[in-house]
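A short worksheet on the structure shown next.
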Amino acid sequence: MRWPLSARFAARRERLRATLARRPFLKNVSIMLTGSAAGQLVSVLLSPVLTRLFSPQQFGVLSVYTAILTIVVVIASLRYELALTLAATEEEAINLVAVCGVALLSTTVLVGIAAFAIPEDLVKAWWSSPYSFYRMTGYRGLLIVGFVCLGGYYIALYYATRAEAFRAIARTRIYQGVIGPLSQIAFGLLGAGAPGLLLGSIFGQSAGTLGLFYGQIGRHRALLRTVSWQKMASLARRYWRFPVVASWAALVDAFGGNQLLYLVVSIQYSPRIAGFIFLAERIVARPLSLIGTSILQVFVSEAGRMVSSDPAKLRSRFYQVISRQFGLAFAWIVLTNLAGEALFPAVFGPNWGDAVIYLQAMSLAYLAQAIVLPVFHTLQILEKQTIAAGWQVGRLVLIVLTFFLSTTFDLSAAATIFCYSAVQALTCTILLALMAKSIQRLQR
């Protein structure tokens with residue numbers, strides 16, 4: 001006798017719950033993925049609306065803003081936020097949050113001074129698109145606002161990661177995926193142009209920050225009384241490698257990532273081409289990025305404990321994560337390459353058909369970066385910041401050399417981007433080898 005459909009569904013749900021209960025890593029990843037997938041689904045579904053409200057040129061402006069913000073925000077808390085997963089006690093963790101807050105305040109002042117100190121003539125020489133003085137002043141102000149909001153989110157994110165509050169983090173992913181595109185659509189309907197895209201991006205990136213902070217710190221209000229300058233200073237000294245080595249290495253790493261590509265393409269070729277790459281990344285790479293980031297938060301939480309307690313399990317988890325991420329990323333990128341030529345003009349409008357060329361050129365980089373992302377902080381967790389910094393500097397040198405040679409030989413934009421993509425794939429492979437070797441040494 002066949003069971004009713006509802007009964008079979010209930011039985012399968014109970015078996016799934018039992019499986020997840022036995023495997024906490026899988027359970028936490030599934031929670032993060034659910035939130036990320038829901039947020040990303042809304043973002044992807046609304047993208048055709050955005051591409052009809054905003055031109056590739058305006059998306060190019062957003063790509064440059066996002067690139068600059070992504071580069072500078074890595075030093076927002078001087079990387080002390082990564083140390084939160086290593087804190088031995090709740091008292092240490094809350095004092096580290098305070099250290100992060102002081103660091104964020106200091107770096108915000110420095111970024112604000114630097115943003116308004118750049119001469120107008122220099123901006124005009126580099127930026128080929130027309131703009132007004134007041135709009136450029138507004139862009140500078142939005143950079144500072146975005147820096148504070150995103151820097152604060154990262155502090156809340158890693159504090160919640162330490163507490164394994166993955167459901168709360170997953171909710172913020174949904175808020176980001178919904179609030180960002182909806183606010184951009186609202187600004188687009190009001191005719192706000194590129195500044196509206198930037199404002200919507202800020203709303204989306206910082207969505208859920210206050211809720212995440214309140215949800216974690218609000219439950220431990222008594223701990224706030226343990227915060228003191230003496231403890232903060234002691235922890236700042238204890239984790240000195242994060243600001244002294246890891247923060248500047250992260251800055252170099254951000255320059256060596258895709259952000260430098262947007263800046264170079266906008267200056268050397270056209271903001272329009274940067275807009276094409278931005279759309280390709282939004283549709284193809286960002287879903288993989290959200291999955292990788294979701295796994296990263298769980299991996300960081302587990303790895304922080306395994307470093308001292310179970311190095312063999314850390315090694316097993318490392319290989320498990322990268323092998324499964326490879327299979328997922330490879331299948332997704334092949335699918336989008338096959339379908340992109342037919343779907344991009346139809347879904348996003350005829351102005352966006354050329355984006356397929358740059359999607360194909362960037363595919364190697366998207367694949368390699370997707371594999372590395374879930375384990376990206378492995379060297380930081382192992383306190384191998386010097387090795388990480390060496391890799392980051394080496395990658396940046398190779399990328400700058402690639403751009404230099406492309407200019408020397410007058411390569412097309414597509415050829416330059418393909419060469420850049422190949423270099424990214426090579427350097428990501430080297431990073432995985434360095435991580436594996438460091439874990440093996442830890443085991444011994």
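The values are calculated or read from the model by the stated rules, or taken from the named source; none is laboratory data. In this text the structure is predicted, and so the values were computed from the model without any measurement. No Cβ is skipped: glycine too gets one built from the backbone with ideal geometry, and neighbour counts run over all protein chains shown. Heads up: the accessible areas ignore ligands, DNA and RNA and are worked out on the full protein's heavy atoms, side chains in. Shrake-Rupley method; radii C 1.70, N 1.55, O 1.52, S 1.80 Å.
Summary table
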{"read-out": "THR408 paired with ALA331, simple spin-label distance in nm, labels 7 Å along Cα-to-beta-carbon", "value": "4.3 nm"}
{"read-out": "Principal axis box of region 219-302, alpha-carbon based, largest edge first, Å", "value": "53, 27, 22"}
{"read-out": "Kyte-Doolittle mean at least -1.0, axial Cα span of 18 Å or more - DSSP H helices of the chain", "value": "5-22, 24-53, 56-73, 90-117, 133-162, 166-189, 193-205, 286-309, 311-348, 355-372, 385-408, 413-443"}
{"read-out": "Ordering of 97-106, 149-158 by packing [mean C-beta count within 10 Å, highest first]", "value": "149-158, 97-106"}
{"read-out": "Burial ranking of peptide ranges 415-427, 286-298 (average Cβ count within 10 Å, highest at the top)", "value": "286-298, 415-427"}
{"read-out": "Percent carbon-and-sulfur accessible area, the chain, ignoring ligands, DNA and RNA, probe 1.4 Å", "value": "68 percent"}
{"read-out": "14 Å beta-carbon shell around MET362, net charge (K/R +1, D/E -1)", "value": "0"}
{"read-out": "Residue of MET232, MET32, MET136 that the Gaussian network model of the chain assigns the largest fluctuation, springs spanning Cα pairs under 10 Å", "value": "MET136"}
{"read-out": "Cα radius of gyration and Dmax for the chain (Å)", "value": "22.1, 80"}
{"read-out": "Sites LEU432 and GLU120 - FRET efficiency at Förster radius 60 Å, r taken between beta-carbons, to 0.05", "value": "0.85"}
{"read-out": "Cα-projected label distance for LEU223 with LEU343, points at 7 Å along beta-carbon direction, nm", "value": "4.2 nm"}
{"read-out": "Centre separation in Å (Cα based) which lies between region 29-85 and region 98-114", "value": "22 Å"}
{"read-out": "Extended-chain gain in nm, criterion 0.36 nm per residue less alpha-carbon gap, VAL145 and VAL109", "value": "11.8 nm"}
{"read-out": "ARG441-TYR214 pseudo-label distance in nm [points 7 Å out on the Cα-to-Cβ vector]", "value": "4.6 nm"}
{"read-out": "Accessible area in square angstrom per residue, the chain, 1.4 angstrom probe", "value": "46 Å²"}
